[in-house]
Structure formats: structure tokens, C-alpha cells
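One structure is given below, encoded as C-alpha cells.
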Amino acid sequence: MTQRVELAIVMDRLAVDEVITEYAVAVDDGDWEAYRKLFAADGRADYRSAGGIEGNAEQVAGWLAESLQLFSMRQHLIVNRRIRFGALDQHTDDTARVQADYVNPMRFAKEEHGATGDGSTAPDFVCGGRYAFGLLRTYDGWRLTEVVVEEKWRRLPERRPQAVVN
């Protein structure tokens, strides 16, 4: 492999990694326009394992915008990223697959949704699992063709015992 090819691979790895980071930031910040722009025209996302929906980027962005209003704080931590490049129509390295683990601490926005109301900013809902991302090199750069969430666990807020009034 020549140095030019090795440099191109490194640049592609950085670009793909940037898309994954931008994905996490868009979801955490509720920037649904940025979220949509990360996807290729026919890109899809599947959040069914986490109780969500499967659909195109527009549909899923709408669902996320509505359902994540429950949380005043979100912070995706996407780690252990494994990037593999593939070929499309005999053009080497025009597709990528990324497998990455995530931990997602969140804080409920209102007490009626389970927050403790104790003034704490600590997360009271945490989930984790694995993402499978599919990406395609386009004229506009790398874009998501697929996002599949495999939620493996979640920790819900503990319910405090209610005081008994006599």
C-alpha cells in the first residue's frame, strides 16, 4: 500500500468518525436539521429495540424531537468504534460500516416523569447498547444510509417510598 493510499484511508476514517460524533451531538442538542443533513437521501434509522420507530430520517427526526422532550439533559457517549470500509460499483472504500457501543445518561425534564425534584443535575435515566451505522461516500461527503440501535440495558429512576400519613 502506498503512502497516498494510507493517507486516504486515514482521512476517510477521520471523516466517518466525524459523522458519528455529529450524530451524537445533533441528538443530544436536539438539532434535528443537523440530524437530517447527516443522512443520505434514502437513509433510514431503526430505534425499535429502544421502544422507538423505524423510518426515514425525516420521520425519525420528528419522533425523536417529540419523545426526547421528556429529557432536559442528554449526553451520548459513543465508544469502541469499529470502522470497516467496503466497495460500491467497483469503487473501493465508498461505503463504511461502523459498530459502536453507547452509554446514554439522561435527566428527566419534569418531576411528573420520574425526576426526583431534588435539584440534582445527575442523570436519572441511563441506557446502553450498540449502534450499527452504514455510511456512503457522496459528493457532499460521508452520509448515513442506516442507523440501527440495539439497546442492551437501561436503568430507570428508583421510586422513593411514599410517606404514610395517619
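The values are calculated or read from the model by the stated rules, or taken from the named source; none is laboratory data. Here the structure is a predicted model, which means the values were calculated and not measured. Methodologically, a virtual Cβ is constructed for each residue, glycine included, from the backbone with ideal geometry; neighbour enumeration extends over all protein chains shown. To get the accessible areas, we keep the full protein, side chains included, count just its heavy atoms, and leave off ligands, DNA and RNA. Shrake-Rupley method; radii C 1.70, N 1.55, O 1.52, S 1.80 Å.
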Query raised in the report: Can you pull out the residues in the range 138-161 that are of a type outside the set (G, A, S), part of a strand (DSSP E or B) and out of contact with any Leu (no Cβ under 8 Å at 6 or more places or on another chain)?
Result: T138, E146, V147, V148, V149, E150, E151, K152, W153, R154, R155
Query raised in the report: Do we find that G86 is at pLDDT 95 or above and either open to solvent by less than 50 Å² (accessible area, probe 1.4 Å) or under 13 Å from the mean Cα position of the chain (by Cα) (or both) in this structure?
Result: no
Query raised in the report: Of the residues A15, A24, A41, A65, which is on the phi < 0 side of the Ramachandran plot and in a strand (DSSP E or B)?
Result: A41
**Report entry** Filtered residues of the range 6-53 (kept if of a type outside the set (V, I, T), under 25 Å from F85 (Cα atoms) and open to solvent by 70 Å² or more (accessible area, probe 1.4 Å))
**Finding:** E6, L7, M11, R13, L14, E18, E22, R36, K37, A41, D42, R44
Query - Enumeration of residues in the range 69-83 that are within 18 Å of Y131 (Cα to Cα) and open to solvent by less than 60 Å² (accessible area, probe 1.4 Å) - result: R74, H76, I78, I83
